[in-house]
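Taking it in order: structure first as structure tokens, then the write-up.
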Amino acid sequence: MKYLIINSGRAFFRNSKGENNSIDSISKEDILFLLDEATNEDIIFQMDEPIDGIIQNAAHKIIYDALYGKFSELLKNKHRFIDETNRLFEEAFQKYQNE
């Protein structure tokens with residue numbers, strides 16, 4: 001499913017209700033939702049690639065490029081991130097189980 005979308009020279013994101021909203025209206029809660037979706041092992045997180053000149057709105061381009069870069073990096077390291085998180089939770093679980 002696509003979560004970051006480019007359409008008609010504008011950039012959009014998919015919110016928790018499944019609606020496409022303008023990227024310039026993204027909130028902290030929306031970003032947290034996107035992070036949860038991107039790190040979910042059962043979800044294929046897709047994004048439109050920001051080809052030069054395709055996003056005509058300057059504000060949309062700045063925001064989209066920043067989000068695309070961060071999510072691309074996260075997705076490249078998704079399995080390592082999940083493994084490290086599981087390991088940390090396992091260590092904490094063992095620590096508190098023994099007390």
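Candidate cross-link partners of Lys78 among the lysines, defined by an alpha-carbon separation under 23 Å and a same-chain spacing of 8 or more, comprise Lys2, Lys28, Lys70.
When every Cα-Cα distance of the chain is counted in 10 angstrom steps from zero, the calculated P(r) takes the values 14, 42, 25, 12, 6, 1 percent. Taking every DSSP helix (H) stretch of at least 4 residues in the chain, weighting each as -39,500 (n - 2.57) and dividing the sum by the residue count yields a mean residue ellipticity at 222 nm of -17500 deg cm²/dmol.
Couplings for the range 39-46, taken from phi via the Karplus curve 6.51 cos²θ - 1.76 cosθ + 1.60 with θ = phi - 60°, read 8, 6, 5, 8, 10, 9, 8, 10 Hz in order; Gly and Pro are left as x. Peptide packing for 89-96, 23-30, 7-14 was compared via the average number of neighbouring C-beta atoms within 10 Å per residue; ordered from the highest value, the list is 7-14, 23-30, 89-96. Take the Cα of Lys95, go 7 Å toward its beta carbon, and the backbone nitrogen atoms of the range 56-88 under 11 Å from that spot belong to 88. Of the peptides 35-45, 60-70, the ranking by mean beta-carbon count within 10 Å, highest at the top, reads 60-70, 35-45. Contact order for the chain, expressed relative to its length and based on alpha carbon pairs under 8 Å spaced 6+ residues apart, stands at 28 percent. If you run the Gaussian network model on the chain, springs between alpha carbon atoms under 10 Å, then out of Asn57, Asn20, Asn86 the most flexible one is Asn86.
Read the figures in this text as sums done on the coordinates, not as results from a lab. As the structure is a prediction and not an experimental result, all values here were calculated from the model. FYI the Cβ positions are ideal-geometry reconstructions off the backbone, even for glycines, and counts take in every protein chain you see.
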